[in-house]
Amino acid sequence: MQEKTGHARVVSRGNSQYHSLQNYEGDALVRGGMPYTFEFDLTNGILRCRLRGLVTDETLKDFFRTGADYAVRARPVAGVVDLSEVTSFDVSADTILEVANSTPVLPDPNLRRIIIAPSPETYGMMRMFEIQGEKKRPNLNLVRTETEAWTILNVQNPRFDPLGTK
């Protein structure tokens, strides 16, 4: 159970309650100055995850851990990670390899996955992720634009609604 209190959030788990120092902005969890959002298109079964601003090693790892929770809740048939609003991608090659070798957020290898990475910096790092994780994520497509993503998924004008927080 959560209660919004200013820019922080209070989270209850079982009988314990803790105050998170994370900022709360709509359904964007702001961790270390890096917000990310999770949205779902119910008609097409697409989970879209967006990162914004500065992305670091810890941010990326946390994003993937959190994304796994949302994937379990939404049960998507496809997933899109959108890096269009990333302003700085300060992630090491070791972290990319670690995340690529980890259990996929969408564990079913047959699910369609797309990463939108428009900048040369993010595209190059995500290409490394794609190559390293190919056996675990055979249906991963790396694209530069949202239009390319929707074409691959054969979707026109998807309508996303924010997913509530855990």
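Laboratory data are not the source of any read-out in this text; all were calculated from the coordinates shown. Predicted, not measured: the structure shown is a model, and the values here were computed from it. Positions of Cβ are backbone-derived with ideal geometry, glycine not excepted, and every protein chain shown enters the neighbour counts.
Here are some notes:
- Antiparallel DSSP beta bridges within segment 25-162, as percent of all bridges there, nearest 5: 40
- For segment 84-112, the residues whose backbone nitrogen is under 15 Å from a point 7 Å from the Cα of N154, taken along Cα to Cβ, are 111-112.
- Taking a sphere under 12 Å around the Cβ of D90 and counting the other residues whose Cβ falls inside, with K and R at +1 and D and E at -1, yields a net charge of -3.
- Working from label points 7 Å from Cα in the Cα-to-Cβ sense, the R65 to D161 distance is 3.0 nm.
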